[in-house]
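Have a look at the structure below, then the notes.
The values are calculated or read from the model by the stated rules, or taken from the named source; none is laboratory data. This is a predicted model, so every value here is computed, not measured. Here the Cβ positions follow ideal geometry from the backbone for every residue, glycine too, while neighbour counts run over all protein chains shown.
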Amino acid sequence: MSEQHNIDNVMHEHRRFEPTEGFRQRAHIPSLEAYQSVYRQATEDWEGFWRKQAETELAWMQPFTSVFERDDHGVRWFDGGTTNVSYNCLDAIIAAGQGQRTAIIWEGEPGEIVRLTYNELLQQVCKFANVLRGLGVQPGDVVSIYMPMTPELAIAMLACARIGAVHSVIFAGFSAEAVADRNNDASAKVQLTADGAWRRGKLLPLKQTVDQALAKSSTVQHCVVLRRTGQEVPMTAGRDLWWHDLMSQADDHCPAPALPSEHPLFILYTSGSTGKPKGILHTTAGYNLWAKLTFRWVFDWRPDDIYWCTADCGWVTGHSYIVYGPLSNGATILMYEGAPNHPAEDRIWDIVERHRVTILYTAPTAIRAMISWGDQHVEKHDLSSLRLLGTVGEGINPEAWMWYHTKVGGERCPIVDTWWQTETGGIMLSPLPGAIATKPGSCTMPLPGVVPAIIDEAGEEVTEANQGGRLCIAKPWPGMLRGIWGDPQRHFTQYWEAVPGMYLTGDNARRDEDGYYWIMGRIDDVINVSGHRLSTIEVESALVSHPRVAEAAAVGRPDALKGQAICVFVSVKGGEPDEELRQALKLHVRKEIGALAVPDDIRFTPSLPKTRSGKIMRRLLRDIAEGKKEVKQDTSTLEDMAVLAKLHENDES
């Protein structure tokens, strides 16, 4: 196998943390041998394994006749069966005698607290399901949701699932243009929003944004408005209706209809490097099963847990691990409306302490921000209730992992570093906390039923340890995407054509000598330096391990001699950057991972361009490094255009 087909591994991380004996003794999967046994069952008797899981975990109105089918039109899981996701999340839990269990603990940014039991949540969901039916929503119709993180957002999602409507949740921070584009692509029939939302003490004018979007959304017939902030908003007669008015008249009885296993559940739009955002489609039974099982496996969920995922329901993490996965297990979830640093940088730790949170699932971007705010904000709170920590969204650099482990987890909490995507529907690679030892920066091993493969550019599987390549999934799994809304050819071309018979994730990865997986960034984030293919994540991790660096992003730019040169964008902490720091960082990278990875350019910047879910948009940085002045890529998910403008300004100065 020629060297040019692989990605060189230059990062060396040897720290290893075994699960504690106390954690193992109570874990659902309590040992490496137990994990290996379940994994073998799922691989060797693939169909039998998924048949048993589906029959055991989901409530079926009509049993399925086959586990898996594939034809020219796509794949079908549990064909012939009927079920209902809302029923599995609510009615089934109540039928098991858990109706008085708290389903949602909600805290608003100003400090209000609301608690809903499963009985109360079902009542609210049924009422809003009847509201939607009263507005003419039929099974298969798309409901667009642009709402703050309130219980009503989860209620709206579950109400759609109950009656077979397809929800399209749009993060309540996107522009009017982005909302209109998504509404038109999905042919949305009803829009849900709020008068506004609270963010860092300020009122966000959600209704104003929606009004601008609806002027360009020809298919939307009604707009339902939640009164959240009490601010005055215009209401268009015949189109706009108040949530509370409709709910006051709605019946709280709405039996869950039997829906086919492959009935569409939701569309979630994710941006690409070119073209319009794509609507990833997930369906009913397979997605529900995958979200439920992976939540229990990865978070080792117990009935007495208070679980907090800090994501927004505008992202797939909120779909799978705030709403559908936890609730179908009967979990108690915490939802928080606002910013993690308002009114002070200890808000997140204050919430953990007051609500006695036991499981915390957050993003590496948030962890790096918390590090930059200072340890004192963590240290003044009692975090002894925490027993498990998780990360999601992108790879976590080892030093941030260690801070999370020591400062937040007190060196007693396992960390589940999870790898997955909008397209996968749920977690694919992750430690099982009672079974698998962790390594800082590694998502460790595949979950039962997940069969990864690392493929080089020649299309051959990489078998040598620590040689990187394209991460693919070799076998179908129940939570897999079913297509791109309205564009089946794009679905096939983007995910299945490049490596025949396998799902192409779009990420690079390597597998070490222990069989652990390490994500090495997106496929187009590889930098080819003098014939050596280097992962951006490894360069960034080396930089972030320096005490002055808060965040770093590495990209490649054309170079006549090397093919590509390494250009890094660095945000610092503790004073203004200067030439002395620039040289010190180059020496630090040389010491950490070698001369080959030393950056050619180091550009200091106060902040990096990120998506609204916190991922660094390296493709935009690549354009800046290459000197491109005009932005031609999709920026609908960019959190702050001012950051991009500042980078261009710095580039010209």
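Scanning the stretch 73-91 for residues being within 26 Å of the chain's Cα centre (by Cα) and outside any loop (DSSP other than H, G, I, E, B) gives a total of 12. With respect to A103, determine if the residue is outside any helix (DSSP H, G or I), touching a Gly at 6+ places or on another chain (Cβ under 9 Å) and under 22 Å from D304 (Cβ atoms). Judged against the criteria, A103 is a match. The number of residues in the stretch 457-501 that are assigned to a loop (DSSP other than H, G, I, E, B), without any contact (Cβ under 8 Å) to a residue 40 or more places away in the chain and under 17 Å from T422 (Cα atoms) comes to 1. Return yes or no: is Y321 farther than 17 Å from A156 by Cβ, touching a Cys at 6+ places or on another chain (Cβ under 9 Å) and either at pLDDT 95 or above or not acidic (D, E) (or both)? When the stated conditions are applied, Y321 passes them.
None of A552, A542 is in contact with a helix residue (DSSP H, G or I) (Cβ under 9 Å, 6 or more places away or on another chain), of a type in the set (A, V, I, L, M) and closer than 16 Å to I624 by Cα except A552. Filtering G22, G81, G48 for residues that are out of contact with any Lys or Arg (no Cβ under 6 Å at 6 or more places or on another chain), at pLDDT below 95 and either surrounded by fewer than 17 Cβ atoms within 10 Å (Cβ to Cβ) or more than 28 Å from D304 (Cα to Cα) (or both) leaves a single hit, G22. Picking from Q231, Q208, which residue would you name as being polar (S, T, N, Q), over 30 Å from P63 (Cβ atoms) and out of contact with any Leu (no Cβ under 9 Å at 6 or more places or on another chain)? It is Q208. Whether a residue is within 15 Å of the chain's Cα centre (by Cα) and not in a helix (DSSP H, G or I) was assessed, and W308 passes this test. For the stretch 47-72, filtering for residues that are in a strand (DSSP E or B) and more than 22 Å from A129 (Cβ to Cβ) leaves 6. When you scan the stretch 97-108, do you find a residue that is within 21 Å of R482 (Cβ to Cβ) and buried (at least 20 other Cβ atoms within 10 Å of the Cβ), even just one? Within the stretch 97-108, none of the residues are within 21 Å of R482 (Cβ to Cβ) and buried (at least 20 other Cβ atoms within 10 Å of the Cβ).
Considering the conditions (1) more than 20 Å from P255 (Cβ to Cβ); (2) in contact (Cβ under 8 Å) with a residue 24 or more places away in the chain, V137 is excluded by exactly one of them, (1).
Determine whether the stretch 572-585 contains at least one residue that is more than 24 Å from W403 (Cβ to Cβ) and of a type in the set (A, V, I, L, M, F, W, C). Looking through the stretch 572-585, none of the residues is more than 24 Å from W403 (Cβ to Cβ) and of a type in the set (A, V, I, L, M, F, W, C). Residues that are free of Cβ contacts under 8 Å to residues at least 24 places away in the same chain and either closer than 22 Å to P110 by Cβ or assigned by TED's automatic domain parsing to the domain that holds V549 (or both) were ranked within the stretch 336-379; the one that is farthest from the chain's Cα centre (by Cα) is R354. Of all the residues in the stretch 491-537, those that are closer than 30 Å to E626 by Cα and either among the hydroxyl-bearing types (S, T, Y) or modelled with pLDDT under 80 (or both) number 20. Checked against the criterion of being without any contact (Cβ under 8 Å) to a residue 24 or more places away in the chain and over 30 Å from A437 (Cα atoms), the candidates P260, P255, P277, P264 yield just one match: P255.
Matching residues to (1) among the hydroxyl-bearing types (S, T, Y); (2) surrounded by fewer than 24 Cβ atoms within 10 Å (Cβ to Cβ):
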residue	(1), (2)
T284	yes, no
W290	no, no
T294	yes, no
F299	no, no
P303	no, yes
Y307	yes, no
T310	yes, yes
T317	yes, no
Y324	yes, no
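A quick yes/no check of all residues on (1) in the same structural domain as G314 (by TED's automatic domain parsing); (2) assigned to a loop (DSSP other than H, G, I, E, B); (3) under 30 Å from V169 (Cα atoms):
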position	(1), (2), (3)
L561	no, yes, no
V570	no, no, no
E580	no, no, no
Q583	no, no, no
R622	no, no, yes
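Taken together, the residues in the stretch 351-388 that are part of a loop (DSSP other than H, G, I, E, B) and under 23 Å from I113 (Cβ atoms) amount to 11.
Taking the criterion of being surrounded by 24 or more Cβ atoms within 10 Å (Cβ to Cβ), not in a loop (DSSP other than H, G, I, E, B) and not aliphatic (A, V, I, L, M), the residues of the stretch 407-431 that qualify are D417, W419. Scanning the stretch 200-227 for residues that are surrounded by fewer than 23 Cβ atoms within 10 Å (Cβ to Cβ) and in contact with a Gly (Cβ under 6 Å, 6 or more places away or on another chain) yields L203, L204, P205.
For the criterion of being in a loop (DSSP other than H, G, I, E, B) and either out of contact with any Asp or Glu (no Cβ under 7 Å at 6 or more places or on another chain) or under 20 Å from P110 (Cα atoms) (or both), S217 passes. Can you find a residue in the stretch 343-350 that is in contact with a His (Cβ under 6 Å, 6 or more places away or on another chain), surrounded by 20 or more Cβ atoms within 10 Å (Cβ to Cβ), in a helix (DSSP H, G or I) and not basic (K, R)? So far as the stretch 343-350 goes, yes, one or more of its residues are in contact with a His (Cβ under 6 Å, 6 or more places away or on another chain), surrounded by 20 or more Cβ atoms within 10 Å (Cβ to Cβ), in a helix (DSSP H, G or I) and not basic (K, R). Of the residues that make up the stretch 117-133, is at least one over 29 Å from E57 (Cα atoms) and either touching an Asp or Glu at 6+ places or on another chain (Cβ under 8 Å) or not basic (K, R) (or both)? Taking every residue of the stretch 117-133 in turn, at least one turns out to be over 29 Å from E57 (Cα atoms) and either touching an Asp or Glu at 6+ places or on another chain (Cβ under 8 Å) or not basic (K, R) (or both).
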